[in-house]
Amino acid sequence: MGASYIVYSVFVAGLISFVMKVLLASRSGKFDLTEGMRHGGMPSLHSAVVVSMSVSIYMLEGFSTLFTLSAIVSILFIFNLLIINGDHKTRTLRRHTFPQIVVGSLIGLVVSVALSFVQ
């Protein structure tokens with residue numbers, strides 16, 4: 001395992017989250033690929049990516065300085081996902097709910113751990 005493991009894990013976690021987001025949004029009868037890149041929605045793609053990054057680093061290096069930094073950045077990033085409300089006039093951003101963040105985080109965790117056994 002090396003740096004490519006981190007890239008693969010992040011990519012796969014993001015891809016799974018993207019596909020899930022599009023499929024869940026298409027249940028309303030409209031299939032729209034752009035739904036996967038919109039802010040908010042189930043699951044949180046951002047949470048999946050940052051958790052996957054941190055878990056992958058941990059799987060490679062253990063409890064190192066790099067893991068500690070990535071975990072701090074991930075926690076701050078996820079916290080911001082909970083509190084961002086966006087511009088109330090234009091409604092350009094939707095905030096994530098706690099369950100959306102949990103599901104995204106679990107996707108990142110499971111993908112990183114599973115890929116660590118494949119590599």
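Once the Cβ-Cβ distance of ILE75 and LEU23 is raised to the sixth power relative to R0 = 30 Å, the FRET efficiency obtained is 0.55.
Per-peptide packing, taken as the mean over residues of other Cβ atoms within 10 Å, places 63-70, 51-58 in the sequence 51-58, 63-70 from highest down.
For the range 3-21, list residues with backbone N below 16 Å from a point placed 7 Å from the Cα of PHE117 toward its Cβ? It comes to no residues whatsoever.
With each label modelled as a point 7 angstrom along the Cα→C-beta vector, the PHE63-MET1 pair spans 1.7 nm.
Since every read-out is calculated from the coordinates, none of them should be taken as a lab result. Values in this document were obtained by computation on a predicted structure and should not be read as measured data. When we count neighbours, we look across all protein chains shown, and the Cβ atoms used for this are built from the backbone with ideal geometry, even at glycine.
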